[in-house]
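Here the structure is laid out as structure tokens; the discussion comes afterwards.
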Amino acid sequence: MHKKELLHAGKVKAIWATADPDLCIAEFSDRITAGDGLKKADLPGKGRLLNQISALLFTRLAEAGVPSHFIRTLGDNAMLVRKAQLLPLEVIVRNRTAGSICRRLGLGPNIRIEPPLVEFYYKNDALHDPLLTRDHIAMLALVTAGEYEEIKEQALAVNQVLRKTFAEAGLELVDFKLEFGRAQGSILLIDEISPDTCRLWIQGTTASLDKDRFRNDSGDVLAGYREVLQRLQGTAKQ
Ligand code: UDP
């Protein structure tokens, strides 16, 4: 399967058309960004790690009955995915407090959130991705009421599977971001799941192996990502 025209160039990923109108190629670059794209760097080898980690997690989700756009990896830095119409939403699931919820609600970090919290943000760089209520989503007609429920349900199902997967690897899934699209009239999990989009702490500690190392200049980013992959592979079913 070969790349045709460029459909979408994101800050760190590119989506390419293929000869099959229902399939695309998602390509991971070595770029890392934070703070609305203001902080950026190139970390050689990062794209390959993210591709491998995302593929492994999408495969685990599929095994657990949670579908996504992922079909298979294509070489080191790319994956073949089902084509979907991107919804302008970032869906965040939180199991513990960290990051923006602490700043927004004046909470300390590392407080358990039970049941897990699902938040919707407007994927809009010019507006800095504002938090959306359910009524905002209806007002903007971003998704239907049924799609909203479907996305929330899928996000919680992803959380259940990923929490267990990471726990078996000795990692705590603190929070993460998902994106969804529409494919053949249904809601479909798309994008990536990786240490760029998850907070992952070594179990029983707040030692971070994820993008917070880059955000806070608090350690070797690639070493953290490599450790996430190795831990996941250590528990991989043969
Ligand atoms: N996240 C992401 N992309 C975004 C915003 C957040 O992948 O544009 C992830 C982030 O890595 C974390 C979770 O979503 O795992 C929650 O992020 P938060 O709202 O706390 O924002 P932050 O403080 O990280 O900017």
* Structure fact -> A careful count of residues in the range 202-223 that are in contact with a Leu (Cβ under 7 Å, 6 or more places away or on another chain) and either farther than 18 Å from Ile32 by Cβ or more than 13 Å from the ligand (Cβ to nearest atom) (or both) gives 3
* Structure fact -> Contact list, first residue from the range 86-100 and within 9 Å of the ligand (Cβ to nearest atom), second anywhere and hydroxyl-bearing (Ser, Thr, Tyr) and not in a loop (DSSP other than H, G, I, E, B), beta-carbon distance below 6 Å, six or more apart or interchain, is Glu90/Tyr121
* To do: For the range 101-113, name all the residues that are in contact with a strand residue (DSSP E or B) (Cβ under 8 Å, 6 or more places away or on another chain) and either more than 11 Å from the ligand (Cβ to nearest atom) or at pLDDT below 95 (or both).
  => Asn110, Ile111, Arg112, Ile113
* Within the range 91-112, identify whether any single residue is part of a loop (DSSP other than H, G, I, E, B) and touching a Gly at 6+ places or on another chain (Cβ under 9 Å), and answer yes or no. => yes
* **Test for Leu117: is it away from the ligand (no atom under 11 Å from the Cβ), under 17 Å from the mean Cα position of the chain (by Cα) and surrounded by fewer than 17 Cβ atoms within 10 Å (Cβ to Cβ)** => no
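Go through the range 170-188 and give me each residue that's in a strand (DSSP E or B) and away from the ligand (no atom under 15 Å from the Cβ).
Gly181, Arg182, Ala183, Ser186, Ile187, Leu188
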* What are the pairs, 6+ residues apart or on separate chains, where a residue within the range 189-210 that is of a type in the set (Ser, Thr, Tyr) and in a loop (DSSP other than H, G, I, E, B) has its Cβ under 6 Å from a residue that is modelled with pLDDT of 95 or more and within 14 Å of the ligand (Cβ to nearest atom)? -> Ser194/Leu50; Ser194/Ile53; Ser194/Ser54; Thr197/Phe176; Thr197/Lys177; Thr206/Asn110
* To do: Quickly run through the range 59-72 and pick out the residues that are within 15 Å of Ser194 (Cα to Cα) and either open to solvent by 30 Å² or more (accessible area, probe 1.4 Å) or in contact with a His (Cβ under 8 Å, 6 or more places away or on another chain) (or both).
  => Thr59, Phe70
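The values are calculated or read from the model by the stated rules, or taken from the named source; none is laboratory data. In this text the structure is predicted, and so the values were computed from the model without any measurement. Cβ: placed from backbone, ideal geometry, glycine included. Neighbour counts: every protein chain shown. Ligands, DNA and RNA are stripped out before the accessible areas are found, and what is left, the full protein with its side chains, is counted by its heavy atoms. Shrake-Rupley method; radii C 1.70, N 1.55, O 1.52, S 1.80 Å.
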